[in-house]
1. Could you work out how far the C-alpha centroid of segment B:254-316 sits from that of segment B:1-28, in angstrom?
2. Enter the angle in degrees (range 0 to 90, nearest 10) between the Cα long axis of helix A:187-196 and the first principal axis of the Cα atoms of chain A, meaning the one along which they spread out most.
3. In nm, what is the difference between 0.36 nm times the number of residues separating A:PHE187 and A:VAL279 and their Cα-Cα distance?
4. By a straight-distance test (C-alpha under 13 Å), which aspartates and glutamates pair with A:LYS245 as possible cross-link partners, with residues fewer than eight away in the same chain excluded?
5. HN-Hα J couplings of segment A:386-400 from phi, Karplus 6.51/-1.76/1.60, θ = phi - 60°, integer Hz, Gly and Pro as x?
6. For chain A, compute Rh as the Kirkwood radius over C-alpha pairs and then the Stokes-Einstein diffusion coefficient at 4 °C and 1.567 mPa s; write the answer in µm²/s, rounded to an integer.
7. Give the Rg (one decimal place) followed by the Dmax (whole number) of segment A:245-352, computed from C-alpha coordinates and expressed in Å.
8. Once Lys and Arg get +1 and Asp and Glu get -1 on their Cβ, which of B:GLN75, B:PHE145, B:GLY99 lies farthest toward the positive end of the dipole of segment B:5-160?
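Computed from the coordinates by the stated procedures, all read-outs in this text should not be read as laboratory data. These numbers were taken from a predicted model, which means no experiment stands behind them. Glycine also receives a Cβ, built like all others from the backbone with ideal geometry; neighbour counts cover every protein chain displayed.
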Amino acid sequence: MSFKPVILWTDALVYLLVAVIIVFAWYVRRNEHLRAPWRRVIRSASGMVSLTVLIFFIAVGLLDTVHLRPAVEKSNSANGERIYSVDVLSLFDLIAGPLRTRVEKTYSAPFAAYLYARETVELPDGKQVREFPRLEFGGAHLQDPETQLVADVVRRAGAGGGVGLLLWGVVVASLTTVLARRDGKNFLPALFNIWRGTTEVPWKAICGMLALILLLLGAALALCGYYHIFGTDKVGQDVFYQSLKSIRTGLVIGTLATLMMLPFALFLGIMAGYFRGWVDDVIQYLYTTLSSIPSVLLIAATVLMIQVYIETRTELFDTIAARADLRLLFLCIILGVTSWTGLCRLLRGETLKLREMEYIQAAQAFGVSHWRIVSRHILPNVMHIVLISTVMDFSGLVLAEAVLSYVGVGVDPSTISFGTMINAARLEMAREPMVWWALLAAFGFMFALVLSANLFADAVQNAFDPRVKILPAKAGILPHRRRREESKGKSVSSTVEDSF
Amino acid sequence: MLNYIVRRVLYAIPILIGVNLITFTLFFVVNSPDDMARMQLGIKRVTPEAITKWKQERGYDKPLMFNDTEEGYAQFTHTIFFEKSAAMFAFRFGRADDGRDIAHEIKTRMVPSLAIALPVFLLGLGVYIVFALIMVFFRATYVDFWGVVLCVALMSISGLFYIIGGQFLISKLWHLVPISGYGSGPDAAKFLVLPVIIGVVSGAGASIRWYRTIFLEEMGKDYVRTARAKGLPESIVLFRHVLRNAMIPILTGAVVVIPLLFLGSFIAESFFGIPGLGSYTIDAINSQDFAVVRAMVFLGSLLYIVGLLLTDISYTLVDPRIRLE
């Protein structure tokens, strides 16, 4: 199959982000003082477990980022030129092919073999009856769904879960071999170490989480070819497929909005703190003004205006996907532009403190240029604030997307996201029997994503925030039974999680 | 003190002008009134006459900043900037698309907004502080640990879920209160119970955790050690000493939002069909009523600035160490 690769705007930025992360990781690896806090992250069980979950989300998101336009099968242009489909697909769409294309007529419940709504069906003898018709794809292989369905589901889920566990066994075995070879031990003692949880990296917790993920994934993959495991929505699309597609939108908004905000916050925050005087006054005025507009209103107003801009200039975009993507990008930019003020204020305060340090005064006395002082002495020393606020903001942004889509100022209606899923399903609350599956799937996936992001953010904060390290010692004045537990979940943060 | 307040109020003026300029740029410079007219009247089949009529009805048929067809002051006053943006300083918000006066709408809708936001705020503050104190009292035990875990879990649930789940469970399944609607007088109570509870619950995770951190930070101070060394029971240390001192950072966070209560909570109001300012704004966004959105942006930032001022004043009231100069 031939295809034409398509790089949408957000794709390009995601690639850029991945490149930045790889370069950053490579840089950190080479510098011991930068590795130390990361090692604390790696030692935290909750952090690593959530990272394991996040990696799966990120994998789906990245697969969904590689976009292409497949060629139309029969090319009818004379000069042999290929014509490419107007549908922009992603690598993930190709992998999940059947999920995307097997569309039912309308709603159907999870694991249902029958449609949700009655339809007039003509019997062979010409009589017409109103009944629930069989689904075109969901459970279509069954002769008599009423008796076979449960057994078939259990059998397939068991088989899929079994394969998942087998895969897990292979992963754990190879992990143990690698660990054993590194430590110069035999296989069994190394396995025993993992089991007792005495390894430096909490492998036991990671393996436990991995077992759960692979079990669920195996069962889901085995079933989703035969059933709609989360049901279908109003136009008959598989909800499982939609939930997986929403992951990319959530990740893009959570990361790119921060990426957009960083240049503003870093540049202006450090400028204000370093130069003080009128520069400081101007920048302070700027962020006080911006932050005094309630964020929902500012976002709504800006998105409304962008909407007008896009709608009146439809000729600029060659595919629907490109248009929807541009709107997603604008949403990220807007979220970034409206949220840089908090980080900017923090960076200004920290820079004000740093510039009075002796080593910076020494640098100034030596006649080092402003640019060098800022880039060599100030920037590395505020990076922990940037990192902490980046990971803390992520989950808030994912949640905000759903709310904004509800208000009508979120992503393009053609973009599949948690917000659009919830918005579409909300209207069906009043139906009897209730259509609950799309709502529950969207909330469930969102909860898993946000919870793991929150836990990971906590681990990062505990490792990087210099104030956190002081706290456990201070709070331990009173001798207590379980001192180890106390250092957990302690966060010093004033970030407003969700101001809506 | 008075000197300080006057100076702060004066300082708010350039900020409001800035907000005004931002909204003006957003609504009239990024897209010309012609674009907005085309958007509202439908993109494809729209005649120039329809656009002119649309602009005339709304008073958008004037130059943006400078009108050279007029004489004297009118060169500046007969412009979109003066009539639409600058007029907001006099609380002249103009008319919405349905012809109603926006200022009057805001006045009548403030009451329902407050009726839901104020109880959420007060009840929330009380409940969160109590729970945070309980967790601090049992700090470093399983109560505390699982409390934090629960908080993180609550934080990770979308606010929409609380509303939808609450409506489904309490109204639809158990038929305890009506799903949505609003009544006047004592009748309103039964409509308000559910939104208020949901409002408190949905903010619980983040706030309890945040208050717990504040309390724990306070627990490490020297005066707490002194109090314990004197032999005071833990409950007195906690409730009399720590609570009072921790109120300072808690108040900072809380007082800022008091004026914003007028704006209500956008999502809850529209879900529960409460005719407050939040649902007004959302309706305006959905019907692309730019005049209302503009007015709400201005009102929102005005209230935020008032909140900041109140915070500074409340500092001096709760903390005698702070003197405003």
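1. Cα centroid of segment B:254-316 versus Cα centroid of segment B:1-28: 17 Å apart.
2. Approximately 80 degrees, to the nearest ten.
3. Working: separation 92, 0.36 × 92 = 33.12 nm, distance 6.27 nm.
Between A:PHE187 and A:VAL279, full extension yields an extra 26.8 nm.
4. A:ASP64, A:ASP93
5. For segment A:386-400, the Karplus curve yields 4, 4, 4, 5, 5, 6, 5, 6, 3, 5, x, 5, 4, 5, 5 Hz.
6. Working: Rh = 26.2 Å.
Estimated diffusion coefficient is 49 µm²/s.
7. That works out to 16.3, 50 Å for Rg and Dmax.
8. Result: B:PHE145, furthest along the dipole toward the positive end.
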